[in-house]
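A quick write-up on the structure given underneath.
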Amino acid sequence: MKQDKNYLSAILIVAATGFSLFIIMQNFLTKTNERGVSAGLPLMIPTLALLIPLAIIIITMISREVRYKKALANGVKSVGLIRKVTETGKKYSRKLEEVKLELDVLEQNGNKFLGQVTTGIRYAELEFLKEGEPVPVIYKLDNKQEISIDRKPNVNELKDRINNYKTQNNIK
């Protein structure tokens, strides 16, 4: 759900920027028709001010999607149960901190293996990372130590996998 809101926000930003660029370009064309190119050049500054952040947003969204598709290409969606959370001390911004998670990752056949993943987490979400809590992950079949956080999990599938694991191991 949160991912959908991010895309909606990005679409609204792109639409507003596109409309702003349209208005700026109309003014540019009007000024160049009236007084020549040199009269319209000052309007290029707001155009660049709008295009650069827009390009950054689009590149960021595309790179996230590419990384996600790459992880899914050879990977399996699963769930990891937190064993230990360690803050690495590395901060990406005022709201984002890097943490190392030690996980018991559940395989498709019900077995589990120990894995680690390092990722950036918002400060507000740190309190939810407790021992035994489930985390959606993607692991590679050929290299189970290559684990990443699943940013688009299928919640019902994860619940089923957790319930099956708890049933098999008599955990409440």
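Return the FRET efficiency for the residue pair Asp104, Thr60: r is the Cβ-Cβ distance, R0 is 25 Å, and the value is rounded to the nearest 0.05.
0.20
If we count other beta carbons within 10 Å of each Cβ, what is the order of Tyr92, Tyr165, fewest first?
With the sparsest Cβ surroundings first, the list reads Tyr92, Tyr165.
Can you give me the long-range amide H partners of Glu107? Hydrogens built in the peptide plane at 1.01 Å from N, cutoff under 5 Å, separation of 5 or more residues or another chain.
Here the answer is Lys112, Phe113, since their amide H atoms fall under 5 Å of that of Glu107.
Counting other beta carbons within 10 Å of each Cβ, put Val14, Val137, Val117, Val66 in order, fewest first.
Going from least to most buried by this count: Val66, Val14, Val117, Val137.
What is the set of long-range amide H partners of Glu146 at a cut-off below 5 Å, with H atoms built 1.01 Å from backbone N?
Lys140
So what is the 222 nm mean residue ellipticity for the chain from helices alone, if each DSSP H run of at least 4 adds -39500 (n - 2.57) and you divide by all residues, rounding to the nearest 500 deg cm²/dmol?
-17000 deg cm²/dmol
Suppose every K and R has +1 on its Cβ and every D and E has -1 on its Cβ; what is the size of the dipole of the range 75-168 about the Cα centre, in Debye to the nearest 20?
That gives a dipole near 200 debye.
Would you work out the charge dipole size for the chain about its Cα centre, treating the Cβ of every Lys and Arg as +1 and the Cβ of every Asp and Glu as -1, and quote it to the nearest 20 debye?
60
Taking the Cβ of Gly80 as the center, what net charge do the other residues with Cβ under 10 Å away carry, scoring Lys and Arg +1 and Asp and Glu -1?
Charge balance in the 10 Å sphere: -2.
Ranked by Cβ crowding within 10 angstrom, fewest neighbours first, how are Asp142, Asp160 ordered?
Asp142, Asp160
What is the sum of charges, Lys and Arg at +1 and Asp and Glu at -1, for the other residues whose Cβ falls under 12 Å from the Cβ of Lys100?
-1
Read through the labelled values (1) 1.49; (2) 1.95; (3) 1.21 and report the label of the one computed as Cα Rg over 2.2 N^0.38 Å from the structure.
Correct label is (1).
Looking at the range 89-172, which GluC sites (Glu not before Pro) are DSSP coil and have at most 13 other C-beta atoms within 10 Å of their C-beta?
Glu127, Glu131
Each value in this text was obtained by applying a stated rule to the coordinates, not by laboratory testing. Everything numeric in this text was worked out from a predicted model, so none of it was measured. Glycine gets a Cβ as well: all are built from the backbone with ideal geometry, and neighbour counts include every protein chain shown.
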